[in-house]
Each structure stands twice: as C-alpha cells, then as structure tokens.
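The values are calculated or read from the model by the stated rules, or taken from the named source; none is laboratory data. This is a predicted model, so every value here is computed, not measured. Note that each Cβ is placed from the backbone with ideal geometry, even for glycine, and that neighbours are counted across all protein chains shown.
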Amino acid sequence: MATRKEFIQQLQERLEEVDGKLSAYEKKARELSRGAREDFNEEVTKIREQKEQMLYTLKLLKGATESAFNDLRLGAQRAFREMKASFVAAKEHLDP
C-alpha cells in the first residue's frame, strides 16, 4: 500500500492524466454527428464533475487525520473507478 505522500502524489498525477485524456477525446468528438456529440458531451460533463469532486477530496486528504485519511482514500479509489467507467461510456460514443 502506498504511503500517504505517495497516494496523494499518485492522485495528483491521475487527475493530470484526466485532463490530457479529456482533451484528446474532445478533439476526436469534433468528428461526431450532432446527436452523438450531445451524448458524448453529457459524459464529459459527468467526468468534469467527478474530477472537481476528486480535487476537493485531494484537498481534504492533504489535511486529514490518519483515520479520516484512510476513509477518504477508500472514497477516492471508488471515485476513480466510477470516473474510469465514465471514460469508457464517453469512448463508446467516439468508437461506436
């Protein structure tokens, strides 16, 4: 298991990867039909909301007590699994 410092660093790196992946997806989405692009944009909006929540969680993690940190870590891991599922759904609109 990663130390507190390592986990926070990994979380920051993952959030940076989200930005890069979203940019790549959005470039590809320009080629979609209007209806497909609207569906795709709904997924992107969901991902952006999830990312904002993760940024807030990151802030909480940095100042959390040890017991709160462990709970927040579990929540962050679960949230990233959900975000991954959102990326899969968005990608389905790009590669039908």
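Residues in the range 57-93 that are out of contact with any Leu (no Cβ under 9 Å at 6 or more places or on another chain), polar (S, T, N, Q) and surrounded by 15 or more Cβ atoms within 10 Å (Cβ to Cβ): S86 only. Taking the range 14-32 as the range and being crowded, with 16+ Cβ neighbours inside 10 Å and more than 10 Å from the chain's Cα centre (by Cα) as the test, the residues that pass are Y25, A29, L32.
For the range 35-93, a residue qualifies if it is of a type in the set (S, T, Y) and under 21 Å from I8 (Cβ atoms), and the qualifying residues are Y56, T57, T65, S67. Condition test on E43, is it within 24 Å of D95 (Cβ to Cβ) and either among the acidic types (D, E) or modelled with pLDDT under 90 (or both)? When the stated conditions are applied, E43 passes them.
Taking the conditions (1) over 17 Å from K91 (Cα atoms); (2) exposed (fewer than 12 other Cβ atoms within 10 Å of the Cβ) in turn, L11 satisfies each one other than (2).
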